[in-house]
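The values are calculated or read from the model by the stated rules, or taken from the named source; none is laboratory data. Since the model is a prediction, treat every value here as computed from it, not as a measurement. Cβ placement follows ideal geometry from the backbone for every residue including glycine, while neighbour counts extend to all protein chains displayed.
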Amino acid sequence: MSEPLLDVRVRAKRYDGRTVLANTRLAIHAGEIVSLLGPSGCGKSTLLRIVAGLDRDFEGEVALRGVRLDGPSPELGVIFQEPRLLPWLDVANNISFPQHARGAGAQQAAVLLDEVGLPGITGAWPKALSGGMAQRVAIARGLFSRPCMLLLDEPFSAVDAITRARLQDLLLAVTRAHGMAALLVTHDIDEALLLSDRVLVMQPGAEGTGGGIVHELHVTTPRPRERHAAEDAPLRRVLLDRLAARDEEDRTATAAAP
Ligand SMILES: Nc1ncnc2c1ncn2[C@@H]1O[C@H](COP(=O)(O)OP(=O)(O)OP(=O)(O)O)[C@@H](O)[C@H]1O
Ligand SMILES: [Mg+2]
């Protein structure tokens, strides 16, 4: 197989001496959509922040096209759970600001707003936007630097179900239109099955050993996919089993404890 676009190795990530991630390897190819699924606290956001260059305090390396990254890169567009728009900047400047293009990027911001389904709102203020609109602006901001990959941390979990479905469609549309890869953290098995080429299940390690990726599932159904498709049932069961495995181990360990 060709060289991965992104290659991440985390030998160890510790917080206050406690190992959170250990021996974790993640490789993503151009155009691929990969989901990270796992219980709360297993290290999904920690891994995403490392990939995004927002956390450099770890043992290991992140490489893009074989070149080591030592911090945030315009090639990686980051989208968080909350839109994180700056209230003192209008929509256009929120989109261009992270790339220090304030004022100069207005035309590109307008094009991106069209693309995310919000034409003509360049001069609007963040406080006037609904949650779904604000997240569309955040997606436009993530696209501004023309990244080759989007990194998304539970980007649709704060909106209602219909808005979520529309934003999922938007993510598929923009990744396809720009030939981008995506790494998506989600708690939602159905979202992972709808959007991803691969689903990586993460689990926390046993006490103090650090967690990581414990299972990889390939989803081969071509996109666009049907939501909650009946043929997903076996895949859903595999993911549920893998997510539940840790709880079972915990219960067994607890039951066996003296
Ligand atoms: N800044 C921090 N300082 C200390 N510990 C932290 C910090 N950030 C995260 N942790 C710990 O690291 C572990 C992994 O956290 P992380 O936020 O990556 O989990 P997560 O899988 O994203 O969880 P969730 O699904 O709830 O978002 C948790 O035990 C958490 O308490
Ligand atoms: Mg998280």
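Summary table
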| item | result |
| --- | --- |
| Answer residue from the range 146-158, given it is buried (at least 18 other Cβ atoms within 10 Å of the Cβ) and within 17 Å of M133 (Cα to Cα) and is nearest to ligand 2 (Cβ to nearest atom) among those | E154 |
| The range 38-49: number of residues that are out of contact with any strand residue (DSSP E or B) (no Cβ under 7 Å at 6 or more places or on another chain) and either at positive phi or assigned to a strand (DSSP E or B) (or both) | 1 |
| Residue check for A161: touching a residue at least 60 places away in the same chain (Cβ under 8 Å) and farther than 20 Å from Q99 by Cβ | no |
| Sole residue being more than 16 Å from ligand 2 (Cβ to nearest atom), acidic (D, E) and surrounded by 16 or more Cβ atoms within 10 Å (Cβ to Cβ), chosen from D57, D90, D16, D70 | D90 |
| Qualifying positions in the range 147-190 - away from ligand 1 (no atom under 16 Å from the Cβ), among the hydroxyl-bearing types (S, T, Y) and touching a helix residue (DSSP H, G or I) at 6+ places or on another chain (Cβ under 8 Å) | T163 |
| Any chance Q81 is under 26 Å from L6 (Cβ atoms), polar (S, T, N, Q) and either touching a residue at least 12 places away in the same chain (Cβ under 8 Å) or surrounded by fewer than 19 Cβ atoms within 10 Å (Cβ to Cβ) (or both) | yes |
| Candidate set: the range 167-201, residues that are within 30 Å of D16 (Cβ to Cβ) and touching a Lys or Arg at 6+ places or on another chain (Cβ under 6 Å); chosen: the one farthest from ligand 2 (Cβ to nearest atom) | V201 |
| Test result for L21, modelled with pLDDT of 95 or more, surrounded by 17 or more Cβ atoms within 10 Å (Cβ to Cβ) and in contact with a Gly (Cβ under 6 Å, 6 or more places away or on another chain) | yes |
| Candidate set: the range 26-37, residues that are closer than 17 Å to F156 by Cβ and either part of a loop (DSSP other than H, G, I, E, B) or hydrophobic (A, V, I, L, M, F, W, C) (or both); chosen: the one nearest to ligand 2 (Cβ to nearest atom) | L36 |
